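The values are calculated or read from the model by the stated rules, or taken from the named source; none is laboratory data. All figures in this text were calculated on a predicted structure; none of them were measured in a lab. Backbone-built Cβ (ideal geometry, glycine too); neighbour counts: all protein chains shown. Areas reflect the complete protein model, heavy atoms only, side chains present, ligands, DNA and RNA absent. Shrake-Rupley method; radii C 1.70, N 1.55, O 1.52, S 1.80 Å.
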Amino acid sequence: MGSDVEFSNVKGTRDILPEDALVWRRIEEVIRKKMREYNYQELQMPTFEYTELFRKSTGKDTDVFQKEMYTFKDKGGRSLALKPEGTPSVVRMYLQHGMKSRGVFQKFYYIERMFRQEKPQKGRLREFRSFGAEAIGSKSALTDAELIKSALDIMDELGIKGIEVKINSIGCQKCRKEFMKEFKKFLQQKLDSLCEDCQRRFTTNPMRIMDCKVDKRKLIDAPVPLDYLCDDCRRHFSELEKHLDYLEIDYKVDTFLARGLDYYTRTVFEFIHSELGAQDAVGGGGRYDGLIKFLGGKDAPASGYAMGMDRMLLLMPKVKEYREIDIYIVTLDVKSDIIGWELLYKLRENGFSADKDCLGRSPKAQFREADRQNATWTIIIGGEERKKGVVQLKRMKTGKQKEVPLDIEAIKREIKC
Ligand SMILES: [Zn+2]
Ligand SMILES: [Zn+2]
C-alpha cells in the first residue's frame, strides 16, 4: 500500500476485493444449497438490536456481553448493540412474529455479519461473517445430529478437510444444580491459583471456567457434568452418540466442553481444526431448551449452531476463481461503434454479460481488454461487416472466427451451439 493513503479500513474489518467476492459468493452458494437440501428456511435479521435482548439471552456475565459487544446510545437514549451472535435475534423474530403458528417444528438458517470487539487475529475479526442454523420445536437428539451433519456437509462441499467434532452434555437445569455444587466445591480449593477471569467467573458464570484455556491443567480432576446427568439427560446423550454413529460421523466426547454462552442445555458441540491454533473452533453450538420460554415465549425446545465463515475461508483449499464475461464487442471505426452500442444493450437484454470499450481505444487495445476481461466470445464489427450486415464472432479459447448476420437471434443461435 502506498504511504499516500490517508484512510484505511477500521482494525478488525475486512475489505473484499472483486476476486475475494467471488470466493465469498461461492461459500454462500454452498451454504444455501445445502440448507435447502436440509429444508432450513432463511431468516435475515437487523444489524442491531436492543442491548437488553443480549443481556437476557447471551447472558450478562458472559465475555461476549461484558467485553466484546459494541453498544451505543441512539438519539432517543436507548441502548442498542450491534449483534454479536445470531441466536437471540432468531428467537426474538420467532416470538415477535408468532412463528409458532406456522408449525410445531421449524428450521431456520442465516448468513449475517456479526460484531465483536476482540483482539483481531487470524480468522477472528471484529466485523465477521457467520452462518448459523437453528431448529425450534424438537427436543430430539436426532435434531442435534442433523445439525452437526449439515455443518459437516457444508464444510465438506467447500473442500475443508480435517474437521474434528467434539461433543458433550452439560445437563439440564435439574441435574446441573448437583454438578454445580460439586464443581464449586472443587474450585473453592483452587480459587487463588485460577486466572483472573476465572476468579471473576466463579461468582458470575462458573460454567465458563470449565473450558478456560489458561487453567486447563488445574481442572483435570474437576467433576464434569457428564458424571452428574439425570436419567433423561443421560438417555438424550447416548441417543446423540447413536445417531452420530449411524451417520458415520467421527466425534470425540470432550467432558470439559461447555461453550461460553448462558443458554445452553444438554448437547454442546464444537467443530475444531488443528490449523487454527489456540482459537481452534471453526464453529459450534448446542441445545437451548430454556431460552424461548426465558425470553417470554411458550416453552419450546431448540438447538442450533453458528460457524465462523472467515475461519472456513482460511481452511478452504486456495482455488482461483475466474471471472468471465460472455461477450466483449470490438469495433474498428466510429460508425461501427454506434452499431456496437446498439448490439451491446440487445445482448444484455437477452441475458448475456457483455461489455465494450467506452474510452475510444484502438482496436488493438480493445482486443487486449477482451483478453483481460476473460471474454468467452468477441464480436468484431468493422467497415466490411457493416456493408454486409454481419459481425465476426470469435471464440476466444480456440481463436475460431465465424461470420454471423447482425441479428440477435442469429448470434444467440451461434453461441448456444
Ligand atoms: Zn438432566
Ligand atoms: Zn481461567
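Just a few scattered comments:
- Flag for Arg25 being assigned by TED's automatic domain parsing to the domain that holds Ile292, in a helix (DSSP H, G or I), open to solvent by less than 100 Å² (accessible area, probe 1.4 Å) and of a type in the set (Lys, Arg): no
- Residue satisfying condition, being among the basic types (Lys, Arg) and over 30 Å from Asp197 (Cβ atoms), within set Lys56, Lys34, Lys60: Lys34
- Cβ-Cβ under 8 Å pairs, at least 6 apart or on other chains, the stretch 60-81 side assigned to a helix (DSSP H, G or I), far side loosely packed, with under 11 Cβ neighbours inside 10 Å: none
- Output for the stretch 375-403, where each listed residue is of a type in the set (Val, Ile, Thr), farther than 16 Å from Leu344 by Cβ and touching a strand residue (DSSP E or B) at 6+ places or on another chain (Cβ under 8 Å): Val390
- Any hit, the stretch 95-103, residues being on the phi > 0 side of the Ramachandran plot and without any contact (Cβ under 8 Å) to a residue 40 or more places away in the chain: yes
- All of Lys397, Lys387 fail the test of being free of Cβ contacts under 8 Å to residues at least 60 places away in the same chain, of a type in the set (D, E, K, R), in contact with a Ser or Thr (Cβ under 9 Å, 6 or more places away or on another chain) and not in a strand (DSSP E or B), apart from Lys397.
- Residue among Ile380, Ile408, Ile415 that alone is surrounded by 17 or more Cβ atoms within 10 Å (Cβ to Cβ), in contact (Cβ under 8 Å) with a residue 60 or more places away in the chain, out of contact with any His (no Cβ under 6 Å at 6 or more places or on another chain) and not aromatic (Phe, Trp, Tyr): Ile415
- Taking the stretch 150-205 as the range and being part of a helix (DSSP H, G or I), away from ligand 1 (no atom under 16 Å from the Cβ) and within 31 Å of the chain's Cα centre (by Cα) as the test, the residues that pass are Ser150, Ala151, Leu152, Asp153, Ile154, Met155, Asp156, Glu157, Asp197, Cys198, Arg201, Thr204.
- Residue within the stretch 240-262 that is within 14 Å of ligand 1 (Cβ to nearest atom) and more than 13 Å from Lys166 (Cβ to Cβ) present: no
- Residue list for the stretch 352-367, restricted to those being under 14 Å from Ile325 (Cβ atoms) and open to solvent by 20 Å² or more (accessible area, probe 1.4 Å): Phe352, Ser353, Asp355
- Residues of the stretch 296-327 satisfying the condition of being within 21 Å of His97 (Cβ to Cβ) and open to solvent by 40 Å² or more (accessible area, probe 1.4 Å): Gly296, Lys298, Asp299
- Flag for Asp215 being closer than 22 Å to Gly284 by Cα, within 10 Å of ligand 2 (Cβ to nearest atom) and either surrounded by fewer than 20 Cβ atoms within 10 Å (Cβ to Cβ) or without any contact (Cβ under 8 Å) to a residue 40 or more places away in the chain (or both): yes
- Flag not set for Gln106, criterion: assigned by TED's automatic domain parsing to the domain that holds Ala302 and open to solvent by 50 Å² or more (accessible area, probe 1.4 Å).
- Just one residue in the set Phe237, Phe256 is within 16 Å of ligand 2 (Cβ to nearest atom) and either part of a helix (DSSP H, G or I) or in contact with an Asp or Glu (Cβ under 6 Å, 6 or more places away or on another chain) (or both); that residue is Phe256.
- Selection of the stretch 111-138 for residues being touching a residue at least 60 places away in the same chain (Cβ under 8 Å) and open to solvent by 50 Å² or more (accessible area, probe 1.4 Å) yields Arg113, Gln117, Gln121, Lys122.
- For the stretch 273-283, a residue qualifies if it is part of a strand (DSSP E or B) and out of contact with any Lys or Arg (no Cβ under 6 Å at 6 or more places or on another chain), and the qualifying residues are Ala281, Gly283.
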